[in-house]
Amino acid sequence: MAPAPVPAPNAPTPSAPASRARVLIVEDSATQAEIARVHVLQLGHAPEVVGSVAAARDWLRDARPDAVLLDIELPDGSGLDVLRALRAEGDDAAVIVVTANASINAAVEAMRAGATDFLVKPYARARLAVTLANALEKRALLAQLSRAQAQLGRDRFYGFIGASERMQAVYRTIENVAQSRASVFITGESGTGKELAAEAIHRASARSSRRFVALNCGAIPRDLLESEVFGHVKGAFTGAVADREGAAKLADGGTLFLDEIGEMPFAMQVKLLRFVQTGTFNPVGTAREERVDVRFVCATNRDPMLEVKAGRFREDLYYRLYVVPLELPPLRDRGEDVLLVARHFLAQFSREEKRNFRDFDAEAEAVLRAYAWPGNVRQLQNVIRNVVVLNDATTVTAAMLPPPLCSPPSAAPQSAPASAAGTGIESRDASQLPAEAAAGAAGAAAAPDLEEILPLALMEKRLILAALSRTGQDVQRAAVLLDISPSTIYRKLAQWKA
Amino acid sequence: MSGLAADLLADLPEADVRSILVLFGTDLDRLLPEVARAADAAEAEPFRRACHAIAGAAGAVGAAALEAASRHGMAIAKAEATRGALATAALAVAEAASTIRGEVASLLARLPQT
């Protein structure tokens, strides 16, 4: 063969694809790998080369390519094994199978294994360019479609569970507002997930690498709130033995979530207004001004405008914070979400409590659907925890549901008062609880007298009942206060009832 | 366009074509002894794999005669696979490779050094 004449120097400039793709070349022949590498580079992408099935698997363990140029015949196996493994892991890389075998059978086998396209060797750069561009475009379109489908009917979102239309609207609002710096005012009944929504806004935002600091304005003694928000210096007040940073400083660059903001004392609202307006504050006990970059998210289970009209919440602060409202729907308005959420908790608690529950029977489902859930998701969570702790079977029956759920559906409340705290065990009737707890539910239970020394078991019982009383019979919150598991409280209650 | 590296030269800078041809020579250095060894040992599958690799590399640089000889070797390995048939096929591959090595050397001499 006579050597081909050298053509006029042809120095093609790299193409400029819409985006630089990471292209893995799986090819054992050094010559062919180099040709593919140079072509891919010339096309404006980033090539990586491996020469065997094992090397490809190793590479794919640590990295994700946008596209793969995959030789079939490799020294240690078939390239199709790499392809099948990729697809089995759900990897959506555009895979172009490259082979010298141009038979239909080879093409069909490759496409069945999940190949995006098929390229016959030897190939010119133009052919590779078109095939690669098409494969990458197809991948991008499929990803776009998948995202759109997920947005239309997703049932999970940053810790939320729910596929109802009401929750889809919540997810969309959170996504839309996350990238802005605008303050968000979350409203919704107790137990609807206001803190979860605040966290979702933070996690979906560009601030997610910094801290999310949550402060419950209703749970902090009034005289400590300013120090909790703005921090203090040593000696600012009795007990201030050292400088301490407040939530505002801790949330610098991140998100400050002020829960139950309606509970904030009026005098503190003035200081918060200045902070919101200027981004500056003075730690308690110093005239030194500090500046931070904080995104505010607030929440309340009251109607904020009514609070303004009643003179309990400053109007100017209201307008500063109420920039983007986000209303979380009560569980009773979320249709089939109640079963979705119930199944999620059933699986979670069964795992935690080593039970065998798999699902609900039809009657139990009907009861869960019919109940009004004044305590919303938190109440549902407590009910399912109660069922799992006190029973063991594969299916939850209606009889396992605690009162008032186990009453006929017609007896269940059909609507909840707007102010219902509805936090789980409060939905039981008093007969479900020991006498002390029932008294506590009426607001009469007191913390045990620490001067009086009683047998440990009795002290434990008194403490648990006092915690339940303090939290309005909210088992979850009582468990947090006591630093024990909610299931421990349920077990104790069942023991005492027996 | 046809002939050794003609398509590559149409698509790629000469410096890249040069490095590809050098790698092609390295591939041949590695694979031709394997073809000879497998033929001598009458090992059909290793013979076929080595011929397959040479055919792919030869096709990629436009070495048509070597590609054809290698593909014939692959067919022999799948069909007869006798020591004699493999030895004959190996000889044809070696001869074609020898010719193409000369063409590669000639082309490399005409391509500018980087």
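The numbers here are math on the coordinates, done by the rules we state, and not lab data. Since we're looking at a predicted model, the values are computed, not measured. Cβ: placed from backbone, ideal geometry, glycine included. Neighbour counts: every protein chain shown.
Find the centroid of the Cα atoms in segment A:28-97 and in segment A:315-369, then give the distance between the two in whole Å.
Each part's Cα centre sits 44 Å from the other's.
Taking each pair of different alpha-carbon atoms in segment A:322-375 once, compute 1/r for the pair, average those values, and report the inverse of that mean as the Kirkwood hydrodynamic radius in Å to one decimal.
12.8 Å
Using unit Cβ charges (K, R positive; D, E negative) and no other charged atoms, how large, in debye to the nearest 20, is the dipole of the protein assembly as shown about its Cα centre?
For this selection, approximately 880 debye.
Within 10 Å of each Cβ of B:50-59, how many other protein chain Cβ atoms are there on average?
Per residue, the average neighbour count from other chains is 5.
Please report, in cubic angstrom per residue, the volume enclosed by the convex hull of the alpha-carbon atoms of the protein assembly as shown.
On the way: hull volume 151.7 nm³, N = 612.
Per-residue hull volume (Cα only) is 248 Å³.
So how compact is segment A:22-148: Cα radius of gyration and Dmax in angstrom?
According to the Cα coordinates of segment A:22-148, Rg and Dmax are 13.4, 42 Å.
For segment A:74-124, what is the convex hull (Cα atoms) projected area averaged across all directions, in square nanometres?
Averaged projected area of segment A:74-124's Cα convex hull equals 3.8 nm².
Could you go through segment A:368-375 in sequence order and give the Karplus-derived ³J(HN,Hα) for each residue, using 6.51 cos²θ - 1.76 cosθ + 1.60 with θ = phi - 60°, rounded to whole Hz, and x for Gly and Pro?
Couplings: 4, 5, 7, 5, 8, 6, x, x Hz.
Please give the helix A:456-470 orientation as an angle from the longest Cα principal axis of chain A, in degrees from 0 to 90, rounded to the nearest 10.
The angle comes out at about 80 degrees.
Just in segment A:229-262: which trypsin sites (Lys or Arg not before Pro) are loop by DSSP and have at most 15 other Cβ atoms within 10 Å?
Filter output for segment A:229-262: A:K234.
How about segment A:305-373: which trypsin sites (Lys or Arg not before Pro) there are in a DSSP loop, with at most 11 other Cβ atoms within 10 Å of their Cβ? Before the final figure, lay out each step's value.
Working: sites: A:K309, A:R312, A:R314, A:R320, A:R332, A:R334, A:R343, A:R351, A:K354, A:R355, A:R358, A:R369; in loops: A:R312, A:R314, A:R334, A:K354, A:R355, A:R358.
Those that pass, being in a loop and sparsely packed, are A:K354.
Any idea what the relative contact order of chain A is, in percent, if you count C-alpha pairs under 8 Å spaced at least 6 apart? Don't skip to the answer; put the middle values down first.
Working: 834 pairs, mean separation 49.1, N = 498.
Relative contact order, chain A: 10 percent.
Compute the acute angle (0 to 90°) between the alpha-carbon long axis of helix A:486-497 and the principal axis of greatest extent of the alpha-carbon atoms of chain A; round to the nearest 10°.
Once rounded, the angle reads 40 degrees.
To the nearest 10 degrees, how steeply does helix A:30-42 sit against the main Cα axis of chain A, on a 0 to 90 scale?
In chain A, helix A:30-42 runs at an angle near 60 degrees to the longest axis.
Averaged over peptide B:3-15, how many Cβ atoms belonging to another chain are found within 10 Å of each residue's Cβ? Mind dumping the intermediate values first?
Numbers: counts 5, 4, 4, 5, 6, 7, 7, 7, 11, 9, 7, 5, 2.
If you average over the peptide's residues, the count of other-chain Cβ atoms is 6.
Which whole-number percent is the relative contact order of segment B:6-109 (Cα, under 8 Å, 6+ apart)? Please report the intermediate quantities before stating the final value.
On the way: 111 pairs, mean separation 28.9, N = 104.
Dividing the mean separation by the residue count of segment B:6-109 yields 28 percent.
Once Lys and Arg get +1 and Asp and Glu get -1 on their Cβ, which of B:A68, B:A53, B:A79 lies farthest toward the positive end of the dipole of segment B:6-109?
Working it through, the farthest residue towards the positive pole turns out to be B:A79.
Loop-only chymotrypsin sites (Phe, Trp or Tyr not before Pro) in segment A:210-272, please: DSSP not H, G, I, E or B, and at most 13 other Cβ atoms within 10 Å.
Qualifying residues, ordered by number: A:F237.
What number, rounded to the nearest 500 deg cm²/dmol, is the helix-based mean residue ellipticity at 222 nm of the protein assembly as shown, given -39500 (n - 2.57) per DSSP H run of at least four residues and division by all its residues?
My calculation for the protein assembly as shown gives -16000 deg cm²/dmol from helical runs alone.
What is segment A:160-329 by shape, rounded, prolate or oblate, if you read a ≥ b ≥ c off the alpha carbon gyration tensor as root eigenvalues and call it rounded for a/c under 1.5, prolate for a/b larger than b/c, and oblate otherwise?
Since a/c reaches 1.5 and a/b is larger than b/c, the shape of segment A:160-329 is classed as prolate.
Tell me the net charge near A:D252. Cut-off is 13 Å between Cβ atoms, A:D252 excluded, with +1 for each Lys or Arg and -1 for each Asp or Glu. Don't skip to the end; give the middle numbers.
Values: positive: A:R207, A:R210, A:R211, A:K249, A:R291, A:R295; negative: A:E245, A:E290, A:D293.
Net charge in that neighbourhood comes out at +3.
Taking the Cα atoms of segment B:6-109, report the difference between the largest and smallest coordinate on each principal axis, in whole Å and largest first.
Here the spans come out as 44, 19, 17 Å, largest first.
Give me the inter-chain shielding for A:120-130: mean count of other chain Cβ atoms within 10 Å, whole number please.
Average neighbour count from other chains, rounded to a whole number: 3.
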